[in-house]
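Just so it is clear, none of the values below were taken in a lab; they were calculated from the coordinates. Being a predicted model, the structure only gives us computed values, none of them experimental. FYI the Cβ positions are ideal-geometry reconstructions off the backbone, even for glycines, and counts take in every protein chain you see.
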Amino acid sequence: MAILLNNNGYDNTTWQHELSLQLPSMPIYSYPILGQETDIDAVNYALVWDHPKGDLRRYKNLRAIFSLGAGMEHLLSDENLPDVPLVPLLDPIVAEDMANYALFWVMNCHRQYDNYRNQQSNEIWQALEIKPSSEFKVTVLGLGRIGQKLTETIQGSGYQVSAWDFKQKMLTQDFIQNIKMYAGISELYRSIEGADVVINCLPSNDKTRCLINADFLTQMSAESTIVNVSRGAVIDEQDLLDALNHKVIKSAVLDVFSIEPLPSKHELWQHPKVTITPHISGATYARSGVSVIVKNIKRMESGEIPEGVFDRNRGFKS
Ligand code: GLV
């Protein structure tokens with residue numbers, strides 16, 4: 001039994017170290033596998049990010065593929081992906097970080113801190129009018145685990161939260177009682193009506209590509225802000241720029257982009273109504289990430305199915 005590890009583009013060493021602490025008896029092959037002694041048929045579990053397409057087919061005894069992030073598009077774009085369970089990394093610590101990131105921007109919009117910063121540079125002492133947080137409306141798009149955590153956190157801070165997803169979710173947590181839920185394309189625009197902030201948590205797939213386009217942005221209020229924490233491809237960036245330039249919406253906070261890193265000289269970089277962060281709303285932590293994955297490997301080793309398996313047919317987590 002062995003693990004294949006490839007955190008392509010990031011640091012393999014910390015992950016390897018954590019794995020060796022948490023699964024001391026398991027050989028770990030860090031990709032690309034070197035050395036005569038490597039037995040690729042021993043690989044049962046692949047822990048990968050942006051792994052070379054077609055390579056996973058080589059491991060005949062693979063039992064599961066664990067993504068080293070929440071996103072799955074790096075795996076789903078591999079046409080030769082073996083038919084084994086795919087498991088996104090659903091680390092509660094990362095979801096919490098993302099929720100705090102989103103809450104920070106909701107508060108920033110609500111309390112108008114940017115305006116105070118501008119006032120300060122002109123030595124203006126002037127309280128700005130705001131509505132109570134219970135009247136400040138936030139819509140979260142996407143009710144996967146990350147969307148749920150954001151919704152709970154923002155609602156827990158007293159904001160009026162609505163949530164939308166493609167299908168009605170059977171959620172039982174207490175905070176759901178206080179959320180207005182919308183489901184299906186026919187309810188999408190109703191879910192953002194009057195929202196002060198709309199936060200995108202939808203994954204990137206055929207159904208969501210450019211879902212936030214000119215039509216969508218026209219349904220938002222002229223004083224509203226869009227925040228994107230999931231994938232850049234969900235927003236049509238040219239339509240967003242047009243909407244900002246024509247005052248269709250007020251501003252955008254973007255952590256993700258259709259091309260990353262955002263290319264130099266891209267119009268979004270210098271846009272006065274756009275705040276850019278470099279895909280940091282939820283950093284991945286090796287220690288907690290490994291403990292989530294190891295728990296699942298242990299489940300599989302004792303004959304159970306892993307938690308949070310991705311449903312390939314629906315393109316969403318089951
Ligand atoms: C980051 O974007 C991830 O998919 O974990």
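Loop-located trypsin sites (Lys or Arg not before Pro) in the range 219-318 (DSSP state other than H, G, I, E, B) with a sparse environment of at most 13 neighbouring Cβ atoms within 10 Å: Lys247, Lys265, Arg314.
Listed by number, the DSSP H helices of the chain that run 18 Å or longer by alpha-carbon position along their axis and have mean Kyte hydropathy of at least -0.5 are 92-111, 286-301. Applying 0.36 nm per residue to the separation of Met107 and Ile305 and subtracting their alpha-carbon distance, the gain on full extension is 67.2 nm.
Using only side-chain charges placed at the Cβ, +1 for Lys and Arg and -1 for Asp and Glu, the dipole size of the range 1-118 relative to its Cα centre rounds to 160 debye. For the residue pairs Lys169/Lys207; Lys180/Lys207; Lys180/Lys247; Lys53/Lys149; Lys137/Lys273, the alpha carbons lie more than 26 Å apart in Lys180/Lys247; Lys53/Lys149. Take 50-60, 251-261, 166-176 and order them by the average number of nearby Cβ atoms within 10 Å per residue, most first; the result is 251-261, 50-60, 166-176.
When only the Cβ of Lys, Arg, Asp and Glu is charged (+1, +1, -1, -1), the dipole of the chain relative to its Cα centre reaches about 420 debye. Using alpha carbons only, how many angstrom separate the centre of the range 172-240 from the centre of the range 1-73? With the range 172-240 and the range 1-73 each reduced to a Cα centre, they are spaced 35 Å. Listed by chain and number, the lysines placed with their C-alpha closer than 20 angstrom to that of Lys295 are Lys317; residues fewer than eight positions away on the same chain are left out.
As a proxy for reagent exposure, ranking Lys131, Lys137 by other Cβ atoms within 10 Å from fewest up yields Lys131, Lys137. Between the beta carbons of Leu128 and Ser221, assuming R0 = 22 Å, the FRET efficiency works out to 0.75 to the nearest 0.05. Can you classify the chain as rounded, prolate or oblate using the Cα gyration tensor, where a ≥ b ≥ c are the square roots of its eigenvalues, rounded means a/c under 1.5, and otherwise it's prolate if a/b beats b/c and oblate if not? Judged from the Cα gyration tensor, the chain comes out prolate (a/c at least 1.5, a/b above b/c).
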